[in-house]
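Notes follow the structure.
The values are calculated or read from the model by the stated rules, or taken from the named source; none is laboratory data. Given the structure is predicted, the values throughout are model-derived calculations rather than measurements. Please note: Cβ atoms are built from the backbone with ideal geometry, for glycine as well, and neighbour counts cover all protein chains shown.
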Amino acid sequence: MSSPNHPPGLHRTASIEDRVRAVQAVLDDHGLDASTHAPELDRAAQEDWVPRNGARVVARAWTDPAFRARLLADGRSAVAELGLSMPKHHRHLVVLENTPQVHNVICCSLCSCTAFTIIGLPPDWYKDLEYRSRVVRESRTVLKEMGLELPPDVEIRVWDTTADTRYMVLPMQPAGTAGWSEERLAAIVTRDSMIGVARL
């Protein structure tokens, strides 16, 4: 019998918790022992794969020109200098430097890939088909809808993640922050600024 909230023939969508348990059960049945590893993945997502990692990278780039040059040349090697790692299949980390003339924004038009160990897990809006499809075609409009209105003379470049390449935006350092410590600078860097949908 259908409930008043569900028309006949339609089934209630399982909660995310129920879906996770179902996937774990199938993997466990195939001998992959997912239930043992799930708590560690949850801990990593909450404690290790967080935007403050990327904020540290940005703050170092703002205060150390030599590090900034290495970061722009080979992002994966540069973040490793700060003790940050990336999965093996993230073969390249391309860091995109914003300037007064160019604003970069990243997306994954196929799914929701990010350099998650550096900038954190993707927010829900990043995974949404609306963002993934529209930011490529009408980036200026999408950014404006998200609260970032850029001057018409600023070029917007959209970068679409690939199977082995992850992107991170290096935002412009805000005026009035010269001479700040790395720790103080890192505290003002946001995940959205490293995706490119916000300025600091």
Residue hits (segment 132-151; under 13 Å from V105 (Cα atoms), assigned to a loop (DSSP other than H, G, I, E, B) and touching a residue at least 24 places away in the same chain (Cβ under 8 Å)) are M146, L148, L150
Scanning segment 93-118 for residues that are over 18 Å from P174 (Cβ atoms) and out of contact with any Phe, Trp or Tyr (no Cβ under 9 Å at 6 or more places or on another chain), the one surrounded by the fewest Cβ atoms within 10 Å (Cβ to Cβ) turns out to be C111
(1) in contact (Cβ under 8 Å) with a residue 24 or more places away in the chain; (2) surrounded by 14 or more Cβ atoms within 10 Å (Cβ to Cβ); (3) more than 20 Å from R191 (Cβ to Cβ) all hold for M172 apart from (3)
Within segment 163-188, residues within 22 Å of R70 (Cβ to Cβ) and modelled with pLDDT under 95 come out as D164
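Matching residues to (1) among the polar types (S, T, N, Q); (2) within 19 Å of S109 (Cβ to Cβ):
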site	(1), (2)
D153	no, no
V158	no, yes
T162	yes, yes
V169	no, yes
Q173	yes, no
G176	no, no
W180	no, no
A186	no, no
M194	no, yes
Just one listed residue, out of R191, R134, is assigned by TED's automatic domain parsing to the domain that holds D64 and either at pLDDT below 95 or out of contact with any Pro (no Cβ under 8 Å at 6 or more places or on another chain) (or both), and it is R134
Exception for G31 within (1) in a helix (DSSP H, G or I); (2) at pLDDT 60 or above; (3) more than 25 Å from R184 (Cα to Cα) falls at (1)
Going through segment 172-200 in order, the residues found to be over 21 Å from the mean Cα position of the chain (by Cα) and among the hydrophobic types (A, V, I, L, M, F, W, C) are A175, A178, W180
- prompt: Before we move on, is L121 surrounded by fewer than 20 Cβ atoms within 10 Å (Cβ to Cβ), touching a residue at least 40 places away in the same chain (Cβ under 8 Å) and of a type outside the set (G, A, S)?
  reply: yes
Of the listed residues (T161, T165, T190), the one being surrounded by 15 or more Cβ atoms within 10 Å (Cβ to Cβ), touching a residue at least 40 places away in the same chain (Cβ under 8 Å) and in contact with a Cys (Cβ under 7 Å, 6 or more places away or on another chain) is T161
Of the candidates T114, T63, the one satisfying the condition of being at pLDDT 95 or above and hydroxyl-bearing (S, T, Y) is T63
